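The values are calculated or read from the model by the stated rules, or taken from the named source; none is laboratory data. Not measured: the values here are computed from a predicted model. No Cβ is skipped: glycine too gets one built from the backbone with ideal geometry, and neighbour counts run over all protein chains shown.
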Amino acid sequence: METHHSFLKAKPIEYMQQMLRDFKGQQTLMRKSAKVSENALKASYLVALRVAQCKKPHLIAEQLILPAAIDMCKTMMNEECANKLKTIPLSDSTVGRRIEEMANDVKEQLIEKLRSVQGFSIQLDETTDITNDAQLLAFVRYEDNSAMCEEFLFCKPLPGRTTGAEIFSALDDFFKEHNISWQKCVALCSDGARAMSGSQTGLIGHVKKVAPAIIWTHCMIHREALAAKDLSVEFSEVFDAVVKTVNLIKRKALNTRLFASLCQGLGSEHTSLLYHSEVRWLSRGAVLARVFELRDAIYTFLCEKECTELAYMFKDSHWLTKLAYLTDVFAELNKLNTSMQGRDSNVLQLYEKLEAFVKKMSRWIERVESGNLAMFPSVEEYSDSTDIKDIVCEHLRKLVLQFRKYFNDSDEWRCDSKWILLPFSDDAAAGSSLTTVEEDQLIEMSTDSVRRHMYDTQPLVKFWISCQTEFPELTVKAVRCLLPFPTTYLCESGFSTLAYLKNKYRARLEPENDMRLSLCTTISPRIDRLCGSHHAQKSH
């Protein structure tokens, strides 16, 4: 056998060619390996993003997603493809780091936008999580790329008391940390709790000291719920009896099962009652509707349990008539409440819905006084429904007064808004505070047929933002009125996400990063950029 040196002396050209082939082969393998590594890194980010968006525990990627993907590849393709998947890093800690990196990237993009916009509004609320920690949630609304964007801002624990000073400190620290000017915050929306709404020691009192021009909005859904809360003595007794009946049936598991069997035997659509929760917006209407639907089954069950006092009520036509009225009127209130929920709502349009509801109630009073109860279909089932005419009118009048109390004419949002809602009407500018330039722009707009078509086919906010180039002064004023949040709906939905993420199985979780990825709507993490930052570390 020839030695290495003898082969080099005898065949130098062949040797160099062989060395070149080996070198090229190594380069090809290195490129393939780098490609697999790059794809595996990107795949780990994509899987982590889905885990966060679905609000799942981080270990699900390693315990379920990866093994399932490997099994599918083995079955549908081959062993080689399955082996490539094994190179994807999906451990619990890795997924957690990926989520943190992507959440920080989304947060960085959001902060950059907030620094560059002319103004933004905030809604915030606080709740207590599974570990009794007070969590402050905040969402922000701003204009970006001809659209009104609503994004999750932060979820911060409050270490001490949930006072106005503590809440303001958390919000102010966030602004200072990220160099966000308070002067750009044009509006703040919260509930009416003293810690939020207090003009001296509440949050709004502290905010006014650093941003005097800021506008505070008391959540309109909370106000609607407060307006509908008070009942007359007669109707309070009916509702108390309903709650007592529900608690009696659902208090014991045996009673619940027996009642469900009874409902099935009677062919009822539903087989269970609903607990009443004072803090749930739709709870009262849902409880009344279910009890009224299952009234026959409830009567039978109460008779079997020898609860004669309660059972008698469910056969008393006068009592049932009052129950029917409560069911119908709270069904209407729930429709109103539901119509005010959701994203992309604005103060002006919600005021229109509330004004329409108050006008309907005023008309209902006139109809009831004349003996017409057609708007309450459940009440019409009973022949003596006119016997409650007086207490129905009294309750409706009280509702009207309550709505006018919580949504009064002195509210700053009711003034000077017609030209925003109806810019193409003949008297749109009548009584408005528009300047000469703004009024001239409104006149130009009102004669533009193309703009009129856009107004008819687009949401109100999108229409006004689209006018920014041609009518800048007018658009700035309109958008500033449409920018504030009318409700804290996003915070309430965020509480549901928080409760789902931080539960008794994940009690030590810091939820902000997962919440940011699951609640973000318009900002996506820049995964390619994040992968590139890992490539810079040659040792990896």
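How many residues are part of a loop (DSSP other than H, G, I, E, B) and more than 29 Å from Met340 (Cα to Cα) when one looks only at the stretch 261-283?
4
Residues that are within 30 Å of Leu46 (Cα to Cα), touching a strand residue (DSSP E or B) at 6+ places or on another chain (Cβ under 9 Å) and touching a residue at least 12 places away in the same chain (Cβ under 8 Å): does the stretch 475-489 have at least one?
Scanning the stretch 475-489, I find at least one residue that is within 30 Å of Leu46 (Cα to Cα), touching a strand residue (DSSP E or B) at 6+ places or on another chain (Cβ under 9 Å) and touching a residue at least 12 places away in the same chain (Cβ under 8 Å), so the answer is yes.
Among the residues of the stretch 183-194, is there at least one that is farther than 30 Å from Pro459 by Cα, at pLDDT below 90 and either buried (at least 18 other Cβ atoms within 10 Å of the Cβ) or hydrophobic (A, V, I, L, M, F, W, C) (or both)?
Yes - at least one qualifying residue is present in the stretch 183-194.
Just give me the residues in the stretch 170-192 being touching a strand residue (DSSP E or B) at 6+ places or on another chain (Cβ under 9 Å) and free of Cβ contacts under 8 Å to residues at least 60 places away in the same chain, in sequence order.
Of everything in the stretch 170-192, those that are touching a strand residue (DSSP E or B) at 6+ places or on another chain (Cβ under 9 Å) and free of Cβ contacts under 8 Å to residues at least 60 places away in the same chain turn out to be Ala170, Leu171, Asp173, Phe174, Phe175, Gly192.
The rows are residues; the columns are (1) in a helix (DSSP H, G or I); (2) modelled with pLDDT under 90; (3) surrounded by 14 or more Cβ atoms within 10 Å (Cβ to Cβ); (4) not assigned by TED's automatic domain parsing to the domain that holds Lys462.
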{"site": "Leu354", "(1), (2), (3), (4)": "yes, no, yes, yes"}
{"site": "Phe357", "(1), (2), (3), (4)": "yes, no, yes, yes"}
{"site": "Met361", "(1), (2), (3), (4)": "yes, no, yes, yes"}
{"site": "Ile365", "(1), (2), (3), (4)": "yes, no, yes, yes"}
{"site": "Gly371", "(1), (2), (3), (4)": "no, yes, no, yes"}
{"site": "Ala374", "(1), (2), (3), (4)": "no, yes, no, yes"}
{"site": "Glu380", "(1), (2), (3), (4)": "yes, yes, yes, yes"}
{"site": "Ser383", "(1), (2), (3), (4)": "no, yes, no, yes"}
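What residue, of Leu530, Leu434, Leu519, is closer than 30 Å to Glu100 by Cβ, buried (at least 16 other Cβ atoms within 10 Å of the Cβ), touching a Lys or Arg at 6+ places or on another chain (Cβ under 9 Å) and touching a residue at least 40 places away in the same chain (Cβ under 8 Å)?
Within the list Leu530, Leu434, Leu519, the selection yields Leu530.
Can Lys477 be described as assigned by TED's automatic domain parsing to the domain that holds Ile214 and either touching a helix residue (DSSP H, G or I) at 6+ places or on another chain (Cβ under 9 Å) or surrounded by fewer than 19 Cβ atoms within 10 Å (Cβ to Cβ) (or both)?
Taking the combined requirement at face value, the residue does not satisfy it.
Can Leu231 be described as in a helix (DSSP H, G or I) and either surrounded by 15 or more Cβ atoms within 10 Å (Cβ to Cβ) or within 30 Å of the chain's Cα centre (by Cα) (or both)?
Criteria not met by Leu231.
Among (1) small (Gly, Ala, Ser); (2) assigned to a loop (DSSP other than H, G, I, E, B); (3) free of Cβ contacts under 8 Å to residues at least 40 places away in the same chain, there is one condition Ser496 misses while meeting the rest; what is its number?
It is condition (2) that Ser496 fails.
Among all residue pairs at least 6 apart or on different chains, which show Cβ distances below 9 Å where the first residue, located in the stretch 124-137, is hydroxyl-bearing (Ser, Thr, Tyr) and the second is surrounded by fewer than 15 Cβ atoms within 10 Å (Cβ to Cβ)?
Taking only residues 6 or more apart or on different chains, the pairs are Thr127/Ala499; Thr131/Ala507; Thr131/Arg508.
Given the structure, is Leu203 within 16 Å of Gly494 (Cβ to Cβ) and surrounded by 15 or more Cβ atoms within 10 Å (Cβ to Cβ)?
In short, no.
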